[in-house]
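The values are calculated or read from the model by the stated rules, or taken from the named source; none is laboratory data. All values reported here derive from a predicted model rather than from experimental measurement. Here the Cβ is made from the backbone with ideal geometry for all residues, glycine too, and neighbour counts use every protein chain on show. Ligands, DNA and RNA are stripped out before the accessible areas are found, and what is left, the full protein with its side chains, is counted by its heavy atoms. Shrake-Rupley method; radii C 1.70, N 1.55, O 1.52, S 1.80 Å.
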Amino acid sequence: SRFQQYLSPEKEDELRKIANTIVSKRRGILAADESVATIGKRFDTIGLTNTEENRRKYRELLFSTDNSIADSISGVILFDETFRQSASDGTPFVKVLQNKGIIPGIKVDKGVVPLAGTLNECTTQGLDGLSERCAEYKKGGCGFAKWRCVLKISDHTPSYQAMIENANVLARYASICQQNGLVPIVEPEVLPDGTHDLQTAQRVTEEVLAFQYKALADHHVFLEGTLLKPNMVTAGQSCTKKYTSQDIARATVEALNRTVPPAVAGITFLSGGQSEEDATLNLNAINQYPGRKPWPLTFSYGRALQASVIKAWGGKDANIKAAQEELLKRARANGAAAVGEYQGGAAGAAGGQSLFVANHSY
Ligand code: 5MM
């Protein structure tokens, strides 16, 4: 038949199980996959030099947080360097996470690059040798992968060219991951830069996701074994009109309902430069929104889980415990928001502070 079975039923079951575990009740993802340059920018804020040992120490701080962290964190996304590092007692980080009941994941893209022929738009590279790398990560204990693409809102973007290219490269990545037993997190991020209103952000997000699910269908990707990591639908960073969490929730759930098949295992939002507290309140409002929601809606936050942690740590050993407390606090707050039960008031050292980074496309 021309309708091939692209994955064995056993492989499909394995992918489905991993994906469902990641989005199981009250749990979400810690995105700790900052590349060397990006973590350097975070360290700059506390005046810490960006050495391999400091990166290792910081990741050890995160991963050696009390075991109860696993009540709220189901998966951690690693950068390749971190995947190969160990805690100071010699235990590989992958093992440290597994021992806690947390699934290690891995960023497999090789970064955002300019897309020639567009007005300053981008694509993401890293397909060469991807299958071999995925096989190594799977063997080394990873259960899922992440690849991030970025799309920009302006008067003339995102263009057809950028939407079709980014959707297709994410679909190719997803297909290669699944062949190697890794659940692909598909991340087509519509950046928050701009003066546009909420309605514009919603229309663009809907268009981008429509391109995305057409491409995943074209590549025969097994949707039950995938996760989507989208932006929440928020107005542009420089929009003068202000919106409530309820406005954001309605726009976000409407956009997802119109474009994401119910077969998809779950939605794990990025925080996109929102303050820690806003990212939690908006996730909570999304889960409280009374409309139809056929998938679990949870978090996969980088900045919104780590800003207070880095601030409390300040690069000093004496502050490690206090920093881990901040991580626990944020993780628990977001775990509650993932079931619409966040009561507010968990703001940490960086609670209300905007984490916006202009043109976050590195
Ligand atoms: C952790 O940040 C990731 C950054 O990766 P690069 O170093 O390659 O830029 C990023 O992909 C992140 O996982 C998502 O954007 C979500 O992070 P935020 O901070 O938006 O929640």
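Results, tabulated for the structure shown:
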{"quantity": "Long-range neighbours under 9 Å by Cβ, at least six apart or interchain, first residue over 9 Å from Leu198 (Cα atoms) and among the charged types (D, E, K, R) within the stretch 222-248, second within 14 Å of the ligand (Cβ to nearest atom) and in a loop (DSSP other than H, G, I, E, B)", "calculated": "Lys229/Leu270"}
{"quantity": "Meets criteria (open to solvent by 10 Å² or more (accessible area, probe 1.4 Å), at pLDDT below 95 and either more than 13 Å from the ligand (Cβ to nearest atom) or over 19 Å from the mean Cα position of the chain (by Cα) (or both)) for Ala322", "calculated": "no"}
{"quantity": "Positions within the stretch 143-169 being touching a Lys or Arg at 6+ places or on another chain (Cβ under 9 Å) and either part of a strand (DSSP E or B) or within 16 Å of the ligand (Cβ to nearest atom) (or both), in sequence order", "calculated": "Ala145, Lys146, Trp147, Arg148"}
{"quantity": "Residue in the stretch 284-300 that is in a helix (DSSP H, G or I), closer than 17 Å to Val190 by Cβ and either charged (D, E, K, R) or within 11 Å of the ligand (Cβ to nearest atom) (or both) present", "calculated": "no"}
{"quantity": "Residue match in the stretch 262-271 (condition: within 13 Å of the ligand (Cβ to nearest atom), touching a helix residue (DSSP H, G or I) at 6+ places or on another chain (Cβ under 6 Å) and open to solvent by less than 10 Å² (accessible area, probe 1.4 Å))", "calculated": "yes"}
{"quantity": "Criterion: open to solvent by less than 10 Å² (accessible area, probe 1.4 Å) and modelled with pLDDT of 95 or more - qualifying residue of Ala217, Ala174", "calculated": "Ala174"}
{"quantity": "Residues within the stretch 234-261 that are out of contact with any Lys or Arg (no Cβ under 9 Å at 6 or more places or on another chain) and in a loop (DSSP other than H, G, I, E, B), tallied", "calculated": "12"}
